[in-house]
Structures are given as structure tokens and as C-alpha cells.
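Here it is, the structure, as C-alpha cells.
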Amino acid sequence: MNEPLRSLHRFWPEVVLTVGLLLVVLIDTIRARGRDVANWLLTMATLAAAFVLSVRLGAQSSGLFEGMLALDPIGIFFKLILIGSSLLVVGAFRFDGSRELRGLGQGEFYALMLAVTLSNLLMAAANDLAMLYLSLEMVSITSYVMVAYLKGDRLSNEASLKYILFGAVSTGAMLYGLSLLYGMTGSTSLPEIRQVLASGLTDANRLTVPSTSGAPTCTRARPRPSPPSCPWPPRRPGSRSCCGSSSAAWPWRAREPGIWPGPSTGRTC
Amino acid sequence: MITLPHYLTVSAALFTLGLLGVLTRRNAVNVLMGIELILNSANLNLVAFSRFGPGNLQGQLFAVFVIVIAAAEVAVALAIVLTLYRLRRTPNLDEADFLRG
């Protein structure tokens, strides 16, 4: 119970950005004359506060929220760059004098800017595959909306449509790869994945536990009169597995040979 | 008995079908359906690895997050497709060619 509270003390930049984002949305619903100026001031103040709070984090290194996020000097450095970039964009952006932006709601833009900044901060601190995917998607979805900000413009609409299609396909392919990485290593935590990969593929055998499948294994339990014929892949010297080197890269393949026949039709394991 | 390779085979087939749908379909809604197939193939992988793997629930939790995010993404995409339809009176992606250069 103390861990979330302890982590919350080093999570203040993100908390401030979230509160600022909600306030901007609330103020934008009020039909008052000076709401655009108030939103601009609130956005700038929120970003400045997040910048100062990020500076005050110092050069400490620790994990937040049970290791879902990591706080380290390089992460804080990137947080400062990202918040500074958002400050520059909000400070330099002007709705006045723009033919395309005239009449559009400014509060939406400031809320989207705060949301994309918050997502960027989470991505800079992500320490888990799930957190990485979530923050990346938050940035993507917010960016899709920002590209389609000019609702009546065909170019903006078409650019957003192409962006979202390409982005979603590439995200899907990345997610498929992440799922295979989880299958190889048995964890979504980036430090654990690093440990498993650094110790070699022989440690990536957690998925080979046949406790639920009960399928026969290729490993010989008793000596046979003649070795099994495994023309492909070649059998490694000293290996007890008749599936050769492929059992290291795809461990479950060695356990259930009937599913993965491969080119070796004469295999007898 | 259904084992891990069965799940992986179905997942790979789903991924291939989704990619085929994305590459061959002209209707934007059909392309979005292909994207959903790709995301769900990854979900199937995650749940299968979690079931036959080390016994933790990380994969299943990851799959739940993917489902939620995919729903949000498709909602945004459908809104953009709706705007495209309002501007051009067609959901055909081939006719969205203003940015061709």
C-alpha cells in the first residue's frame, strides 16, 4: 500500500499535467469571453510547473509503481526536453490571423497539447512492455486527432486518415513482436527481459514446461538401439534433443514435434 | 488436446489475414477490420503465452489493455473516416489522393 504513495511523491510532473489537462477541459466548457486567454495561461503555467517539478526530481534512480515506470537521470533529461518543446509550441502558436484556425476551439488544442506531453513523459519513463505500448498509443491517438484538427480541410482529413492507417498497422506489427518477446522471456518487465536475453537463449525455456499440455517430449528417457534420424536441422554433438539447434530458438517445438513437422519427414522423435 | 503451437498457428493465420485485408481492401472500414485482426492475433499470442508460460498474469493483463486501446483507436479512426465520407461522399481510400504530390 505504501508503494503507490511513495511513487506518487516522485510522480508530481505527471500529476500536475493531468490536473491541468482536466482544468483546461473544464474551463473550455464555460462559455465565457476570456476563456481562451485563461486556457493559454493555464497551459503555460501547467507546463512550467511540470518543468520545475521535473528539475527538482534531481539525479535519483528508482522504480515507480512496482517497476512499471523508471526514474533515472536520462529519463528526467528527456522529460525536460519534452516539456520544454511543448512550452515552445504553446508559446509560439497563435490562433489570431490564421484563416484556417479562425473559429476553431482553442481549448481543444491546449488540452491535446497537455495530453501529448503527459503521454511523452510516461513513454520516457516506461519500464514495462505494457506501459510502453500504452504510452505510445496515447501519443499516437492524440497525434491523430491533432492532425485532423482542421475539420473542414480535405488535406488535414486525408493526412490524418493515412497517418492513422499506417500507424495502426505498424503498431499491430510491433505488438505482435512484443507478444513473441513476452513468450520468449516470460515477462513484460524490461529489466527482466534484459536479464533473460543477456543470459542466453537457453534460459528462455519457461514456455516449455509441459505441465498443462502433457505432450510427449523429444528428450529420450531411455537409451535407444539406434539414434533417431534427424536430417534437418543437423543434430548437435552432445545434444540429447533430436530436434537439434531449433529447440533452443523455439523451445516448445522440441516438446511437440507433431505440430511442427518441418522438412525432416523421417524424424522419429 | 489444444496446445501452444495450435494457438500460435491460429495467431499467425489471423495476423496474415489481417495484413492481407489491410493491403488489398479499398473500403476504409474493411481496412480497419484488418487492423483489428492484427491486434487480436497479438492478443491471442499474449493470452496463450500467459496460459502455457510461467504462470503469471502479465500477458493477460497486457491483452486487456490492448483491447481497450484498440477500441479507442478504432473510435478515432471511424470518426476520421466519417469526416472523409462527409467531405467526399465515399469511404473508398483510393479516392483520397489529394496528398499524392
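The values are calculated or read from the model by the stated rules, or taken from the named source; none is laboratory data. In this text the structure is predicted, and so the values were computed from the model without any measurement. Positions of Cβ are backbone-derived with ideal geometry, glycine not excepted, and every protein chain shown enters the neighbour counts. The protein model used for the area step is the full one, side chains on, heavy atoms only, and it has no ligands, DNA or RNA in it. Shrake-Rupley method; radii C 1.70, N 1.55, O 1.52, S 1.80 Å.
Quick one: what Rg and Dmax do you get for the stretch A:6-90 from the alpha carbons, in Å?
In order Rg, Dmax, the Cα atoms of the stretch A:6-90 give 14.6, 46 Å.
How big a patch of accessible area, both sides summed and in Å² to the nearest 100, lies buried between B and A at a 1.4 Å probe? Walk me through the intermediate numbers first.
Working: alone 7410 and 15860 Å², together 19020 Å².
Buried area (both sides, nearest 100 Å²): 4200 Å².
Still on this structure, I have one more. Of A:77, B:52, which has the most accessible area with a 1.4 Å probe, and how do the rest follow in descending order?
Values: A:77 115, B:52 20 Å².
Of A:77, B:52, the descending order of accessible area is A:77, B:52.
At each listed q (0.13, 0.20 Å⁻¹), what is the log10 of I(q)/I(0) that the Debye formula gives for chain B modelled as equal alpha-carbon point scatterers?
With no solvent term, the Cα-only Debye profile gives -0.57, -0.99.
Okay, next question. Sticking with the crude label model, points 7 Å out along Cα→Cβ, report the distance from residue A:59 to residue A:95 in nm, one decimal please.
Each label point is offset 7 Å from its Cα along the Cβ direction, giving 4.3 nm.
Return one whole number: the accessible area per residue of the stretch B:4-94 in Å², for a 1.4 Å probe.
Values: 4390 Å² over 91 residues.
With all protein chains present, the stretch B:4-94 gives 48 Å² per residue.
What percentage of all Cα-Cα pairs in the stretch A:2-194 are separated by more than 26 Å? Working shown, then result.
Working: 7498 of 18528 pairs.
Pairs farther apart than 26 Å: 40 percent.
Suppose R0 equals 35 Å; then what is the FRET efficiency for residue A:192 and residue A:48 from their Cβ-Cβ distance, rounded to the nearest 0.05? Spell out each step's value before the answer.
Details: r = 37 Å, r/R0 = 1.06.
Between residue A:192 and residue A:48 the formula returns 0.40.
Continuing with this model, one more query. Can you compute the FRET efficiency between residue B:86 and residue B:60 using 1/(1 + (r/R0)^6), with r the Cβ-Cβ distance and R0 = 41 Å? Round to the nearest 0.05.
Working: r = 40 Å, r/R0 = 0.96.
With R0 = 41 Å, the Cβ-Cβ based efficiency is 0.55.
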